[in-house]
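Beneath this line is the structure, given in C-alpha cells, with notes to follow.
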Amino acid sequence: MARSRVGHSDNLPFSRATLHSPQLPGYTGESLAMISFPLGGIGTGTIGLGGRGELRDWEIFNSPNLGYRPPYTMPYIFCKQAKHKVAKVLERKLLPPHHKSHGLPPGQFAGLPRLDEAVFVGTYPVARIYFQDGDLPVSVQLEAFNPMIPGKGDDSAIPAAVLIYRVTNTTRKSVSGSVAISMANTVGLAASRDGLGGNVNAYRGTGEFSGIWMTGKKHPKGKPGYGSEALVTTAKRVSYATDLDEPGWVDKAQKLWDDYAADGRLDGPTTPTSPSDDGKTCVGVLSAGYNLKPGAATEIVFIITWSFPTRVSGWHFMPAKRPRKLANHYAVKFPDAWTAARYVVKNFRRLREETLRFEQTLFDSTLPGAVLDAVSSQMSTIRTNTTMWLDSPSSDRGGRIFAFEGCSETEGCCPMNCTHVWNYEQSMAHLYPSLERTMRVTDYEENVHRGGAMVFRTTLPVGGGLGLWNADKPAADGQFGTVVKVHREWRISGDDKFLKRLFPAVKESIEFAWKGFAKWDADRDGVLEGVQHNTYDIDFFGANTMCGSLYLAALLAAAEMADAVGDPHTAKQFRKIFASGSGKYDRMLFNGEYYVQRVTESDRPYRTFWGMKIPAGRPKYQYGRGCLSDQLLGQWTAHVAGLGYVLPPDHVHKALRSIMRYNFEADLSDHNSVQRTYALNEEAGLLNCTWPKGRREKYPFPYSDEVWTGIEYQVAAHMIYEGFIDEGLALVAAVRDRHDGVARNPWNEFECGDHYARAMASWSLLLALSGQWYDGRVGRLTMRPVISRKDFACIFTGADAYGLYSQTFKNRRMRIKVEGRGGSVALKGFDLAWPLSRAPKKILVRASLNRRAVKVSAQMDAAQIQVLLGGRIRLRCGDVLEVVLRDGRAGR
C-alpha cells in the first residue's frame, strides 16, 4: 500500500504525540466502574473480572447473563502480624451509586471492609490488578486469565477462569494469613432463572489440587440445566466450608465472616451438603494459607471451572419450530468441571507460559498503544457468548463455529453466522484460521440454495430439518463478502482441498448475481442495479459502491480461485465483468469527492425486511447523495485480502478524505439524531452517513446518524492502507477514549448487542500498520510497515502459527528477525520494503536459521524487496530466522 500521504491534520482532536504514543491505558478510581474483563474459553461462556477485583457478569450458562453476580461470591484476604489482625473483602472499595430501595443486599457483603484502591491493567488475554491498602502489611497483585494460544483451539476453549494472587510481605516482620474465595453453586441456571434446587457441594482433594465440587440433582443428564462447577486451588494449606449452614435472618453470612475474620481459616462444615431446596442453593468457601518472612512473596492459585454440555437453539426467528438441543464442543473433552480443573492443573505451567508468551508477543510491539488496545480488547469477543463452538453431528471433526452478531442481556442477538456483520471480523480469521474455515463450510454447504442464493443467517442445528431462514432475501453485501473470506481462508492456509471443496458453490453464488431471482446484475455489466439487502437491515435500490465494491472484490477473488482449480474460462469471465463494473461504478457514482448512490424507483409496493409496507415510487431508507462511511467497504476488504484496487486509487483517496472531512465529528454535542445513540456529548465519533451537499433523504436508512465502532475500525484501517495514517489513528483514539471504564466497558464494544462481532475489524489495524499478510499457498510473509520503519516490531500470524517480526535499520543495513512463538509455519520468502524512500541500486543479503546459514537471494524493484530462501523452511516455536540486507555500496 501507499506510504504516508499527509502529515498530521490540524483539525484532528488529538496531538500527533498522543496518536503515536506507545502507552497503554491503566484504570483506577471511577474508571474501574464499568470494567468487566471476560475470562473464559472459545464457546464456553465467561466470568467477568471487574475493575475492583470483583467477580461479576457470570455468563457461563450457555447464554448471556450481563449483570448477574451470584450472592456471596467474592475473594477475601486475612493477615496476621504479631497481635495485629486484619480481614477484608479482596476488592477495591465500592463505587457509586449506592442506592437500592431496600439497601444493598447482604449477598454483596457491601458493609464489609475493602481495600483502598486498585489499578487495573488489561492486556488481553491477561488482566492484572495492583491493589493498594494502608491497613495490610502485604501488597497484593492479581493476575487473571483463561488460556489463549493462537492456533490451538482446544487449549483456548477451556471452561475456566484462572486467578493468581501474588502476596508480598512489605514489612520487616513475618506475616501469616490466607486468601479465600466464596462461591455460590449456580448449577441449574443454564435451564432457567428458577433452575436452582437439588444443589450439592462436596470437598475433593488430590495430591495436586483440592476444592469444592458443585453439582445439582434437579436436572438429568442431557438437559440444559445439567452441569457442574468447581472452585479449586493448588495451595497445600487449605481450609474450607461446603456451605454457609447457620439458619436464621443473615446468620449464615455472619457466621462465615466471624469464622474467617478470626484466623483466616474455615471451620466447616466439611461434609457434603444435602441437596438444596427448590429455588435455593449452597455456598462453598475455600481458603489457602500463607506464611511470609520479611520481603518474601507467594502466589496463591485459584481456578474456577464449569461444564454445561447442552444448550438449546431457542433464538432463531422460527417460532413455529420447537427449540432443538445443541452440544457444546468443549464438553467432549470436559464433560464435567472437575475434569476441566484437573486438565488446567496438570498443564498449568505450559498453559500459563504459552498464554503469557502470546500476550508478550502481541504487546512487544512498536505499534501505537491505542491500536494494541483496540486489537486486543476486541479479540475477546471470540470467547464471549457471541461465539459458540458446537460439536458437529456430521463427519466434520472438531465441530464448527457458530456465532451471533452480539449479546442481549439474557440471550444471543441476531443469530446466526450473519454474513454481512461477520464481513468485518478479522480477529478469529487470523488467530484461529482453522476454526474460521468451519464457518465457510457452513456458508457454502448449508446455506447456498436456489441457483446460488445464500441465506445470511444459519438455522441450527444444521441438517435438523428446520429449513433455511428467510430464503427469499439474500444479503448482497454478505453474499459477496463471503466469497472474499473464502479467498482469505485459502490464502492463509494454502489448503487447496478446502478451496476445491467449496469452489463450485462459490462460483454459483457469484453467478447468482445475473442468473438468480434477485436479478442484482441482470445484464452482467458488473454493476448491481437490483434490490440489495444489506447490513443496515434495509434494501438499497440501485447502484451503490457499498455493496458494489464487495461485488468487485468477490469477482477478483473468485477469478483467482477459478484459476487455481483449473477453470480458466470462469476466471476470464469474472475478470471481464470486474473490469466493466469497476469502470462503470466510477463513472456513474463518483461526484468528484466521494461515491454516491443512484437510487432507482420501485415500480410497485414492497415490504421491507421487517415487514413494513412501502408504496411504489422513490423508496425509503436510501442514502442517495450522501457520503456513506461504508462506501469503500469492498476496497478495504480487498486490501486485507491482498487483491489490490477495485476502484481507481486517486478516487479512493479522495473518497476517504471526504469521509474523514464530512463524517468525523470531534465533538458530538450539536449532532442531531433520533436513532440509537452510541456516542454523545463531547465525545468524538464517525457518523455512518452525512449529506454534505444537501439533499438528505427525507427518511434515510435508519442507522445513518449512528456511530458504530466496527465501521470506525474499518475506515481507520483503510485510511492507514491508503497512507492517511494520523487520520486512521485519530479514529482509533476516538473509539478507545469513549470506552474509558467510566462511561463504557473497554472490553465490550456494543452495537446490536454487547461484544459485537463487527468490532473485530480492529485486527485489520494491525495488518494495515505492519503491511502484513501471509500467503500459505507459497509460504511468503509480507511485512511492509508504514510507521517506525527503522525500528519496528509486531506480531505476525500465518496458518495456525504466530511469531514476532522485527526490523531495524542502521548504517544502510536492514536487519530482519522472525521469531517463532507458537505453532509452525512454512516460509519460503518475504516481501519487504526498504525503509528509505531512496532505494539502493544493488542489494546484498545473508540469512541464518538458529545461527546456521541458509541460502538466500534478494531482488529489488524500486523500494520493494523480494527475499527468496533457498528452500521452504518450517519455522517452529523457538526458532529464529535472521536476514540482513545491505546497500551494495555500503562497507562491510
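So here's what we get for this one:
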{"read-out": "Estimated Rh, segment 42-175: Kirkwood, alpha-carbon pairs, angstrom", "value": "16.6"}
{"read-out": "Residue-normalised accessible area of segment 334-420, given per residue in Å² at a 1.4 Å probe", "value": "30"}
{"read-out": "Two-site label geometry, residue 671 and residue 576: point separation in nm, points 7 Å out along Cα→Cβ", "value": "4.6"}
{"read-out": "Loop-exposed GluC sites (Glu not before Pro) per DSSP, neighbour cap 12 Cβ within 10 angstrom, longest uninterrupted part of the chain", "value": "209-600"}
{"read-out": "Kirkwood-Stokes translational diffusion coefficient of segment 254-331, alpha-carbon pairs, 37 °C, 0.692 mPa s, µm²/s", "value": "182"}
{"read-out": "Simple Cβ-charge dipole of segment 599-663, Lys/Arg +1 and Asp/Glu -1, about Cα centre, in debye nearest 20", "value": "280"}
{"read-out": "Anisotropy class of segment 532-597 from Cα gyration tensor, a/c 1.5 cut", "value": "oblate"}
{"read-out": "Per-residue SASA entry for residue 130, accessible area with 1.4 Å probe, Å² rounded to 10", "value": "80"}
{"read-out": "Portion, in percent, of the accessible area of segment 671-768 that falls on carbon or sulfur, probe 1.4 Å", "value": "50"}
{"read-out": "Of all accessible heavy-atom area on segment 502-637, the percent that carbon and sulfur account for (1.4 Å)", "value": "52"}
{"read-out": "Residue 739 accessible area, 1.4 Å probe, all protein chains in place, Å² to nearest 10", "value": "10"}
{"read-out": "Scattering curve values for segment 97-139, log₁₀ I(q)/I(0), Debye with Cα scatterers, q = 0.23, 0.25, 0.31, 0.33 Å⁻¹", "value": "-0.88, -0.90, -1.02, -1.08"}
{"read-out": "Point-charge dipole on Cβ atoms (K/R +1, D/E -1) for the chain, about Cα centre, debye to 20", "value": "2840"}
{"read-out": "Gained length - residue 102 relative to residue 698, 0.36 nm times residue gap less alpha-carbon distance", "value": "209.7 nm"}
{"read-out": "Segment 535-621, accessible area per residue, ligands and nucleic acids excluded (1.4 Å, Å²)", "value": "41"}
{"read-out": "Computed over segment 583-666: relative contact order in percent, which uses C-alpha pairs under 8 Å that are six or more apart", "value": "32"}
{"read-out": "Orientation-averaged projected area, Cα convex hull of segment 62-129 (nm²)", "value": "7.2"}
{"read-out": "Principal-axis tilt of helix 433-445 within the chain, Cα atoms, nearest 10 degrees", "value": "60"}
{"read-out": "Point-charge dipole on Cβ atoms (K/R +1, D/E -1) for segment 762-838, about Cα centre, debye to 20", "value": "500"}
{"read-out": "P(r) of the chain over all Cα-Cα pairs, binned every 10 Å from zero, in whole percent", "value": "2, 12, 21, 24, 20, 13, 6, 2, 0"}
{"read-out": "Normalised alpha carbon radius of gyration of segment 268-412 [divisor 2.2 N^0.38 Å]", "value": "1.42"}
{"read-out": "Charge dipole of segment 69-200 about the Cα centre (unit charges at C-beta), most positive-ward option of 127, 77, 144", "value": "77"}
{"read-out": "The chain: angle of helix 476-493 to the longest principal axis, Cα-based, in degrees nearest 10", "value": "80"}
{"read-out": "Bins of 10 Å from zero: percent of alpha-carbon pairs in segment 662-731", "value": "20, 49, 28, 3"}
{"read-out": "Segment 25-100, accessible surface, carbon-and-sulfur percent (1.4 angstrom probe)", "value": "56"}
{"read-out": "Accessible area, probe 1.4 Å, largest first, for residues 20, 329", "value": "20, 329"}
{"read-out": "Expected-Rg normalisation [2.2 N^0.38 Å, Cα atoms] applied to segment 846-892", "value": "1.28"}
{"read-out": "In segment 195-244, the trypsin sites (Lys or Arg not before Pro) that fall in loop regions by DSSP, at most 10 other Cβ within 10 Å", "value": "221, 236"}
{"read-out": "Residues listed by number, segment 636-650, amide nitrogen under 20 Å from residue 839 label point at 7 Å toward C-beta", "value": "642-645"}
{"read-out": "FRET efficiency, 1/(1 + (r/R0)^6) with R0 35 Å, evaluated for residue 23 and residue 876 via beta carbons", "value": "0.55"}
{"read-out": "Solvent-accessible area per residue for segment 690-835 (1.4 angstrom probe, square angstrom)", "value": "24"}
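The values are calculated or read from the model by the stated rules, or taken from the named source; none is laboratory data. Only a predicted model underlies this, so the values are computations on that prediction, with no experimental measurement involved. Neighbour counts are summed over all protein chains in view; Cβ atoms, including those assigned to glycine, are modelled from backbone coordinates with ideal geometry. Ligands, DNA and RNA are excluded from the accessible area calculation, which covers all protein heavy atoms including side chains. Shrake-Rupley method; radii C 1.70, N 1.55, O 1.52, S 1.80 Å.
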